[in-house]
Amino acid sequence: AQSVSQHNHHVILSEAASLELGCNYSYGGTVNLFWYVQYPGQHLQLLLKYFSGDPLVKGIKGFEAEFIKSKFSFNLRKPSVQWSDTAEYFCAVHGSARQLTFGSGTQLTVLP
Amino acid sequence: DTGVSQNPRHKITKRGQNVTFRCDPISEHNRLYWYRQTLGQGPEFLTYFQNEAQLEKSRLLSDRFSAERPKGSFSTLEIQRTEQGDSAMYLCASSLKGTSGGRTDTQYFGPGTRLTVL
């Protein structure tokens, strides 16, 4: 069975700080990896995805993520966060099953 | 707006009542998913349709839950004899099966229906 761990439940940063959110998955086969974001009062939106190829994936709003197969990780990064990045971030994996398996999410609060 | 839509957005019901939610996927998408999300957790898979066929169900989907997708368009999720533990956000997502036949389709989510069972 596939599973996803997001170890940071709540991260608080000041504007312009750098961000890295951890995501580790458990599945031995080929995976597709996703980061979704949920802004306050809004629905889940796709931030970026990895299917194959370059393990460094760039998404919207300056976010990027790196797939490290040997570490079963897909960490999300942004060099300089803004107040508008305050949201909940979910990592998800698409392995053997058709459905996505999500992590429990990381709430990011950016202080102005 | 051509995204996934869900109705109603909020539903309050008394324990023991039946409720039905509707999801309208993005028009050309042939795959449709239902997820449930409780506070502090990520979405959990409930069931999946490809066109009108229900291909997969989670163990979370007890016999009180039923989902349909007649004609492969909109879908409904019904919960019979609701319990307080059913209180959650019910999310619908849709995707388009890739022409390569692989699993590389991206799911787009609707706003969800928040169910409160009193």
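The values are calculated or read from the model by the stated rules, or taken from the named source; none is laboratory data. Source: prediction; values computed, not measured. Cβ placement follows ideal geometry from the backbone for every residue including glycine, while neighbour counts extend to all protein chains displayed. What goes into the accessible areas is simple: the full protein's heavy atoms, side chains included, and nothing from ligands, DNA or RNA. Shrake-Rupley method; radii C 1.70, N 1.55, O 1.52, S 1.80 Å.
Figures for the structure shown
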{"item": "Qualifying residue in the stretch A:79-88 (condition: in a strand (DSSP E or B), under 15 Å from A:Leu33 (Cα atoms) and touching a Leu at 6+ places or on another chain (Cβ under 9 Å))", "result": "no"}
{"item": "Failed criterion for A:Glu64 (all others in (1) away from chain B (no Cβ under 12 Å); (2) touching a Cys at 6+ places or on another chain (Cβ under 6 Å) hold)", "result": "(2)"}
{"item": "Residues satisfying the stated conditions in the stretch A:40-57, i.e. outside any loop (DSSP other than H, G, I, E, B), out of contact with any Lys or Arg (no Cβ under 8 Å at 6 or more places or on another chain) and either more than 12 Å from A:Ala92 (Cβ to Cβ) or open to solvent by 60 Å² or more (accessible area, probe 1.4 Å) (or both)", "result": "A:Gln45, A:Lys49, A:Leu56"}
{"item": "Hits in the stretch A:78-101 (condition: open to solvent by 10 Å² or more (accessible area, probe 1.4 Å), within 22 Å of B:Gly40 (Cα to Cα) and away from chain B (no Cβ under 14 Å))", "result": "A:Trp83, A:Ser84, A:Thr86"}
{"item": "Odd one out for A:Pro112, checked against (1) modelled with pLDDT of 95 or more; (2) open to solvent by 30 Å² or more (accessible area, probe 1.4 Å); (3) touching a Phe, Trp or Tyr at 6+ places or on another chain (Cβ under 8 Å)", "result": "(1)"}
{"item": "From B:Phe21, B:Phe45, residue being touching a Ser or Thr at 6+ places or on another chain (Cβ under 7 Å), modelled with pLDDT under 95 and buried (at least 18 other Cβ atoms within 10 Å of the Cβ)", "result": "B:Phe45"}
{"item": "Residues located in the stretch B:32-64, provided they are in contact with an Asp or Glu (Cβ under 7 Å, 6 or more places away or on another chain), assigned to a strand (DSSP E or B) and not polar (S, T, N, Q)", "result": "B:Tyr35, B:Arg36, B:Tyr48"}
{"item": "Positions within the stretch A:18-30 being open to solvent by less than 30 Å² (accessible area, probe 1.4 Å) and in a loop (DSSP other than H, G, I, E, B), in sequence order", "result": "A:Gly22, A:Cys23"}
{"item": "Among the candidates B:Ser75, B:Ser94, residue that is at pLDDT 90 or above and touching a Cys at 6+ places or on another chain (Cβ under 7 Å)", "result": "B:Ser75"}
{"item": "B:Gln6 within 14 Å of chain A (Cβ to nearest Cβ), over 21 Å from A:Ala92 (Cα atoms) and in contact (Cβ under 8 Å) with a residue 12 or more places away in the chain", "result": "yes"}
